[in-house]
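Asks: Encoded as structure tokens, here's the structure I'll be asking about.
The values are calculated or read from the model by the stated rules, or taken from the named source; none is laboratory data. Just so it is clear, the structure is predicted and the values come from calculations on it, not from any experiment. Note that we place each Cβ from the backbone using ideal geometry, even for glycine, and neighbour counts take in every protein chain shown.
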Amino acid sequence: MSDAPDVDAVAAEARDLLDARVTSVRELAKAQAEVAHVQERHEDELAAVTSAHADAYAAAKKGGWSEQELKKLGLVAPVKRTAARSRRTRRGSGATGDGQAPATE
């Protein structure tokens, strides 16, 4: 009885294990890229509606409404947003913008 392993069988089993690991990390990368895409889309939408709100608020004030009067009517001043970092400078996003995970060396 030989204790020598079947090299091809061991290699095939190892490949199966690695393929399962690669598949799971590929799915994780896809999910992470989708999260980044949705976040960016919503950030763009929020910026657009926030800008429209600020314009409408300024127009109301220019039209003679005071901040106190608008507040009494339940209308709030636009939120001042801090400058958002671009996707490229966001730490830990892991997304490359093309739906693919970043390359490793």
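Asks: Those residues that are surrounded by 10 or more Cβ atoms within 10 Å (Cβ to Cβ) and of a type in the set (Gly, Ala, Ser), I need them from the range 3-19; list them, please.
Replies: Result: Ala11, Ala12, Ala14.
Asks: So which pairs qualify, if the first residue must be in the range 56-69 and touching a residue at least 12 places away in the same chain (Cβ under 8 Å), the second must be assigned to a helix (DSSP H, G or I) and surrounded by 12 or more Cβ atoms within 10 Å (Cβ to Cβ), the Cβ gap must be under 7 Å, and the two must be at least 6 apart or on different chains?
Replies: Ala60/Leu70
Asks: So which residues in the range 54-73 are among the charged types (D, E, K, R) and surrounded by 11 or more Cβ atoms within 10 Å (Cβ to Cβ), if there are any at all?
Replies: If the condition is that a residue be among the charged types (D, E, K, R) and surrounded by 11 or more Cβ atoms within 10 Å (Cβ to Cβ), then Asp55, Lys61, Glu67, Glu69, Lys71 are the ones that fit.
Asks: What about Ala95, is it surrounded by 10 or more Cβ atoms within 10 Å (Cβ to Cβ) and at pLDDT below 90?
Replies: When the stated conditions are applied, Ala95 passes them.
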